[in-house]
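Contents: one structure, followed by commentary.
Each reported figure results from applying straightforward, stated rules to the coordinates on display, with no laboratory input. Note that the structure is a prediction, hence the values are computed from the model and not measured. Quick reminder, even Gly has a Cβ in these numbers, built from the backbone with ideal geometry, and neighbours come from all protein chains shown.
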Amino acid sequence: MKQKTLNKIISELEGKYNSKDKPSKSGILDTLIATKLSQNTTDKTSYIAYNNLKNKYKTWDALANAPLNEIKKQIKVCGMADTKSKDIKNMLNRMKKNYGTLNLDFLKKYKTEKVYDELLEYKGIGVKTVSCVLAFSMGREVFPVDTHIHRILNRLGIVKTKFPEETFDKSANIIPGKKKFSFHRNLIKFGREICKANRPLCGLCNLYDYCEFNGKENFYNTKAAKKGNNFLILDNI
Ligand code: SF4
């Protein structure tokens, strides 16, 4: 796809979602835990789980020392509570051991690649989660890719890839640096509202003319539009 076309797509979505270009810069550990909670669930349920933790424990130190069963109870609402509670508790305790503190502000001095190396050491923390931390709490020009963004970029023809990991590598060089953050957020909203996984609402799509998806004509009359779920946990912590 030509850069000019990509730029038009980016600005179409900016217009549609009235996006902001800059992240809110929430705390690094807050973002890490919120993103971990949001794995394989909706932002709404993970936000409830996140708030339960914040209300129950005054500090992340208190959470690190809490009994596993109690943590599990607080985050049950967002699913996979067994794994998530274990991963979060173990991660916090390992961080305390490694850094002597749960203040991760020192990471701000690290280059982006070093932040990946550091945080990927922790069980249950993957590239997408670290990318969210970099983009949302450190203001780095990183473009997190999940299965939804992977699907939309391929339908539009921005990349031609088989796996999200490949899309992540390719998009890093294609999406303009300053637009990475807002484009990521807008694609998430667009995927929830219009370019859905199973029945995309192509007849309502403002990117229809740019889109290279072969099946778009077949979905042109699918108009089961509902109010989109545009709540993003990382905008609200
Ligand atoms: S035309 Fe359909 S498949 Fe293409 S981007 Fe729009 S909703 Fe997605």
Item checked: About the Cα centre, charge dipole magnitude for the stretch 141-234 (Lys/Arg +1, Asp/Glu -1 at Cβ), debye -> 360 debye
Next item on the list: Report the one residue of Leu13, Asn69, Gln3 whose Cα lies farthest in the direction of the positive end of the charge dipole of the chain (charges on C-beta: Lys and Arg +1, Asp and Glu -1; origin at the Cα centre).
Entry: Asn69
Notebook entry, point to check: Residues with beta-carbon under 11 Å from that of Ser46, excluding Ser46: net charge, scoring Lys, Arg +1 and Asp, Glu -1?
Noted result: +2
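Considering Cα pairs under 8 angstrom that are at least six residues apart, work out the relative contact order of the chain and quote it in whole percent.
Working: 293 pairs, mean separation 60.6, N = 237.
Dividing the mean separation by the residue count of the chain yields 26 percent.
When Lys and Arg each count +1 and Asp and Glu each count -1, what net charge do the other residues less than 13 Å away from Leu6, Cβ to Cβ, add up to?
That works out to +3.
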Margin query: Give the separation of the Cα centroids, the stretch 6-61 to the stretch 70-125, in Å.
Written below: 16 Å
Notebook entry, point to check: Cα convex hull of the stretch 1-120: how many Å³ per residue?
Noted result: 151 Å³
Item checked: Within-12-Å neighbourhood charge of Pro164 [Cβ basis; K, R +1; D, E -1] -> 0
Margin query: Rounding to the nearest 10 and keeping the result within 0 to 90°, find how far the Cα-based axis of helix 81-99 lies from the longest principal axis of the chain.
Written below: 60 degrees
